[in-house]
Each structure stands twice: as structure tokens, then as C-alpha cells.
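Structure record follows, encoded as C-alpha cells.
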Amino acid sequence: MTEPQHQILNGRKFHANDKVAYLLPEDNDEKDRLHKQHVVLRYTLQSNFQAPLQEKLEQGITVLDSGCGPAAWVFDMAKDFPNSQFHGIDITSTFPHDTKPSNCEFTVANLAEGIPYPDNYFDYVHQRLLILGLTDANWDFVLKELLRVLKPGGYIELHEANLNNMGPLLKQLQYTMSSMLQSKGMPPKISNELQERAIKAGFVDAQVQITDLKLNHGGQAGKMLWDDYQHGYTNLRPVMAMSNAEWQDEELYAIHIENCAKEAETMHTSVNWHTCIAQKPF
């Protein structure tokens with residue numbers, strides 16, 4: 001397995017290993033953001049999952065959260081479905097070690113180097129927002145690995161997002177991000193490619209649902225989603241500044257983000273939330 005290597009950028013700890021594509025920092029603030037993000041998504045989507053597995057989860061199945069982060073989704077699901085067994089895997093050990101439900105287990109591993117579980121092990125795989133964590137080649141490899149560890153007939157559920165109705169300030173932010181992702185071999189439009197990639201990996205009956213989520217307008221949900229968006233881009237500033245020298249100035253970057261908030265409210269910007277659900281062939 002890849003040994004953890006890190007670098008400090010503007011006081012934040014980032015991965016510094018060529019085999020790890022992940023762009024966000026690894027520290028307590030980012031961990032807190034991911035916990036809050038889970039609450040926001042559960043609130044806006046009104047559910048933790050969309051695969052047709054309610055009854056089976058209640059009866060008891062084996063579940064993998066691919067790229068689990070600090071395990072907010074795993075803990076929530078483990079509480080709701082005590083008869084099921086939940087496994088989380090991530091490149092960093094940000095999940096709790098001492099205090100966890102008895103039906104949870106965690107593994108530290110780099111998805112891009114293989115998933116350390118046997119064939120046909122899981123009934124259900126969940127993966128959310130790895131646009132900043134996988135290269136183009138990684139995506140193909142990881143999807144094939146997830147197919148391998150799924151039982152025949154098992155479900156995979158993938159979530160990624162993009163923005164709609166952007167003004168010039170948000171477009172600048174997104175363009176800088178997209179250019180940076182492309183320079184690192186990471187697909188910036190992965191949300192639009194989930195179905196095609198799932199089918200290419202060997203999954204069948206791949207269906208995509210796109211949910212329109214309001215960004216900084218439309219009530220509490222829109223405000224909560226913007227808070228996460230703002231927090232995420234704030235945490236990305238050290239790497240964003242590598243592509244835009246002006247953003248090395250923390251204050252100028254914060255002003256740009258604040259102006260993006262006003263623009264999103266005025267333009268009625270939305271997050272197109274893409275969910276792809278597919279099965280492993282029987």
C-alpha cells in the first residue's frame with residue numbers, strides 16, 4: 001500500500017505522493033467539513049441512499065463505502081440498519097478507531113492500488129464525490145475493482161455533481177478547478193460520465209438520476225449547500241493558488257468567494273446532483 005506522504009501548504013497538510021491524486025487537505029478542519037457536508041446532503045436529498053435496498057438493508061447485508069472519509073455516511077447507515085455490516089475504505093485514517101458501532105469496520109488503503117477484499121463480498125457499494133480524488137485511469141480501475149468485490153446482482157451507487165446557471169465569477173472558479181484537474185489527468189466532468197463508465201466497467205442496468213439542488217437561494221437547504229461549497233473552496237485555496245497567483249492572497253480569495261455567493265443567489269445557480277445506480281450481472 002502507498003505510504004502516507006504529506007506537504008504543508010499555507011499551514012494545511014496535503015498529500016504529497018504521486019500515487020495519491022486527492023487534492024483536499026487532510027486535517028481536522030477538512031474532517032469537520034466532511035461531517036457537515038454529510039448532514040447537508042442528507043437534508044437536501046432527504047435520504048442517505050437511493051438504491052432499491054431498504055428491505056434488504058433492514059434484513060442484513062454487507063455494504064462498502066468507497067472513499068469513506070471520516071465515516072459520517074457509514075455511521076448514519078450503521079445506526080439506521082443495525083442488522084447490516086458496513087465497511088469503509090479510505091486513503092487516510094480520518095475515521096474513528098475507538099468509538100464506532102459494532103457493525104462497522106474500516107480499512108486504510110489507496111483505492112487506485114486495489115480494494116483489499118475478496119471477490120463477490122459486498123451486496124452494495126456506495127461512493128460519493130471523488131472528483132477530487134481519482135485520475136481518469138483511476139476511475140476505470142476502481143470501477144472494475146468495485147465490480148469485482150460486489151456479489152452478482154449487487155448494487156453500486158455513485159454520486160457526483162456539477163454546477164448550472166453560473167455567472168462570470170463562479171465560472172472563473174470552476175474553470176480554474178477544471179484546468180487544474182485536467183493538468184493532473186483527472187476528469188472534471190465525471191458527473192456526466194458515470195453511466196458510460198459504469199457500463200464500460202461491466203455493470204448493467206445503469207440508470208442516472210439528476211437532482212437539482214439550489215445553491216445559496218431557495219431557503220435553508222440552499223444556504224446550507226453554499227456553506228459547504230464555500231468551505232470546500234476555502235480549503236482548496238492553497239492548490240487553487242498554484243493556478244491563479246492572485247489567490248495566493250488569502251483576503252483577495254475570500255472576497256472572490258463572497259462575491260460568488262452573491263452571484264449564485266442572483267443567478268439562481270444550482271448543483272446538478274448526478275446519481276448513477278447499476279448492478280453487477282448475475
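Worth a mention:
- Contour minus Cα-Cα distance for Asp32 and Gln174 (0.36 nm per residue): 48.8 nm
- Neighbour net charge for Asn216 - beta-carbon separation under 12 angstrom, K R +1, D E -1: -2
- Residue of Thr107, Thr266, Thr92 that the Gaussian network model of the chain assigns the largest fluctuation, springs spanning Cα pairs under 10 Å: Thr266
- Computed about the Cα centre, the dipole magnitude for the stretch 6-280 is approximately 300 debye when only Lys and Arg (+1) and Asp and Glu (-1) carry charge, each at its Cβ.
- Candidate residues Ser183, Ser102: accessible-area rank, largest first, probe 1.4 Å: Ser102, Ser183
- Calculated log10 I(q)/I(0) by the Debye sum over Cα atoms at q = 0.10, 0.11, 0.13 Å⁻¹ (choose from (1) -0.64, -0.76, -1.02; (2) -0.52, -0.63, -0.90; (3) -0.74, -0.82, -0.96), label: (2)
- 0 to 90° range, to nearest 10: angle between helix 28-45 axis and the chain longest Cα axis: 70 degrees
- Cα centroid separation - the stretch 150-226 against the stretch 260-282, whole Å: 6 Å
- Fluctuation leader among Ser270, Ser178, Ser66 - the chain, Gaussian network, Cα springs under 10 angstrom: Ser178
- Applying a threshold of 23 Å to the alpha-carbon distances of Lys200/Lys280; Lys36/Lys171; Lys100/Lys280; Lys31/Lys79; Lys171/Lys214; Lys100/Lys214 flags Lys36/Lys171; Lys100/Lys280; Lys100/Lys214 as lying beyond it.
- Rounded tilt (10° steps) of 220-235 against the dominant C-alpha axis of the chain: 80 degrees
- Ligands, DNA and RNA excluded, the heavy atoms of Leu252 present near 90 Å² of accessible surface to a 1.4 Å solvent probe.
- Top of Tyr233, Tyr124, Tyr155 by mean-square fluctuation, Gaussian network on the chain, Cα under 10 Å: Tyr233
- Relative to the dominant Cα principal axis of the chain, helix 168-183 is inclined by about 50°.
- Projected label distance in nm at Val108 and Ser243, using a 7 Å step from Cα toward the beta-carbon: 3.0 nm
- For the stretch 6-280, share of DSSP beta bridges that run antiparallel, in % to the nearest 5: 55 percent
The values are calculated or read from the model by the stated rules, or taken from the named source; none is laboratory data. This one's a predicted model, so the numbers in the text were calculated from it and none came from an experiment. Every residue, glycine among them, receives a Cβ derived from its backbone with ideal geometry; neighbour counts consider all protein chains shown. Accessible surface areas use protein heavy atoms only, side chains included; no ligands, DNA or RNA. Shrake-Rupley method; radii C 1.70, N 1.55, O 1.52, S 1.80 Å.
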